[in-house]
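Here is the structure we will look at.
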Amino acid sequence: RERAVFLIDVSASMRGGGIKRALSVAYPLRFIAAEVLVFDSERMPPQPIELKNLDDYFKVLWMPSGGTPLEEAVEYAVKEARKLDAMLWVFTDEMGNIFKRDNIVRIPSDVPTIVFNCSPYPSEHVVKDEGHVVVLPTASIDTVKAGVATLQLYKKQTEGVVPESVVKQILTET
């Protein structure tokens, strides 16, 4: 799978630094996106958007508001990723889930997933020990490049999650 469905959290907790960190990675990697979805409590199911130019970038930059139905948004995006035979890339601070079930997001094993954590602190809302989910801190594109390179060096959790061709694109084209 060489394309990804981008799921971008635009809830209020992403206002300011969180959305800037998300876009600092999503925008330069937009060439990998098969579809870009945004979500908050007012945008459910997640809504498709364009992320092709700076006008699109600034529209997303000013979107954050509302709550964070993370579990429901991920469930929807998983279905989209399956339809498109794509990976799932989730850009979120993992802050709270307003429709709490058990407040833990589990991603099915048939959808390789990268969670780009846009907060300055780790979170435990997405189950990361499933072997098909990689979590990277998202301070900047350089942080992600370092994370991807490190994962490739150690081959930790990357087999089947991040195709070698995508890794090369991330490390060379951004």
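The values are calculated or read from the model by the stated rules, or taken from the named source; none is laboratory data. Note that the coordinates shown come from a computational prediction; the quantities given were computed from them, not determined experimentally. Cβ: placed from backbone, ideal geometry, glycine included. Neighbour counts: every protein chain shown. In case anyone asks, the SASA skips ligands and DNA or RNA and just uses the protein heavy atoms, side chains included. Shrake-Rupley method; radii C 1.70, N 1.55, O 1.52, S 1.80 Å.
Being open to solvent by less than 70 Å² (accessible area, probe 1.4 Å), over 28 Å from Ala146 (Cα atoms), in contact with a Pro (Cβ under 6 Å, 6 or more places away or on another chain) and part of a loop (DSSP other than H, G, I, E, B) is a description that does not apply to Met63. Taking each residue of the range 52-67 that is among the acidic types (Asp, Glu) and looking for partners that are open to solvent by less than 100 Å² (accessible area, probe 1.4 Å) and outside any loop (DSSP other than H, G, I, E, B) with beta-carbon atoms closer than 9 Å, six or more apart or interchain, yields Asp56/Arg30; Asp56/Val36; Asp56/Ile49.
Kindly check whether there is at least one residue in the range 119-130 that is within 20 Å of Asp40 (Cβ to Cβ) and modelled with pLDDT of 75 or more. Quick ask: steps written out before the conclusion?
Looking only at the range 119-130, we keep the residues that are within 20 Å of Asp40 (Cβ to Cβ), and these are 119, 123, 125-126.
Among the residues that remain, those that are also modelled with pLDDT of 75 or more are: 119.
Yes: the range 119-130 contains one or more residues that are within 20 Å of Asp40 (Cβ to Cβ) and modelled with pLDDT of 75 or more.
For the range 5-59, taking the residues that are buried (at least 20 other Cβ atoms within 10 Å of the Cβ) and charged (D, E, K, R), the one that is farthest from Lys83 (Cα to Cα) is identified as Arg21.
Could you tell me whether Thr92 is touching a Leu at 6+ places or on another chain (Cβ under 8 Å) and modelled with pLDDT under 90? Walk me through how you get there before you give the answer.
Numbers: touching a Leu at 6+ places or on another chain (Cβ under 8 Å): yes; modelled with pLDDT under 90: yes.
Criteria met by Thr92.
In the set (1) out of contact with any helix residue (DSSP H, G or I) (no Cβ under 9 Å at 6 or more places or on another chain); (2) open to solvent by less than 40 Å² (accessible area, probe 1.4 Å), Val90 fails one condition alone, (1).
Kindly establish whether Ala34 is of a type in the set (A, V, I, L, M) and part of a helix (DSSP H, G or I). Working first, answer last.
Values: of a type in the set (A, V, I, L, M): yes; part of a helix (DSSP H, G or I): no.
Against the criterion (of a type in the set (A, V, I, L, M) and part of a helix (DSSP H, G or I)), Ala34 does not qualify.
Can you list residue pairs whose Cβ atoms sit under 7 Å apart, with the first residue in the range 11-33 being within 14 Å of Asn53 (Cα to Cα) and the second being surrounded by fewer than 18 Cβ atoms within 10 Å (Cβ to Cβ) and of a type in the set (S, T, N, Q)? Count only pairs 6 or more apart in sequence or on different chains. Sorted first by the residue in the range 11-33, then by its partner, the pairs are Ser24/Ser140; Pro28/Thr174; Leu29/Thr174. Considering only the range 19-42, I want to know if a residue exists there that is over 23 Å from Leu136 (Cα atoms) and of a type outside the set (Lys, Arg). For the range 19-42, residues over 23 Å from Leu136 (Cα atoms) and of a type outside the set (Lys, Arg): present.
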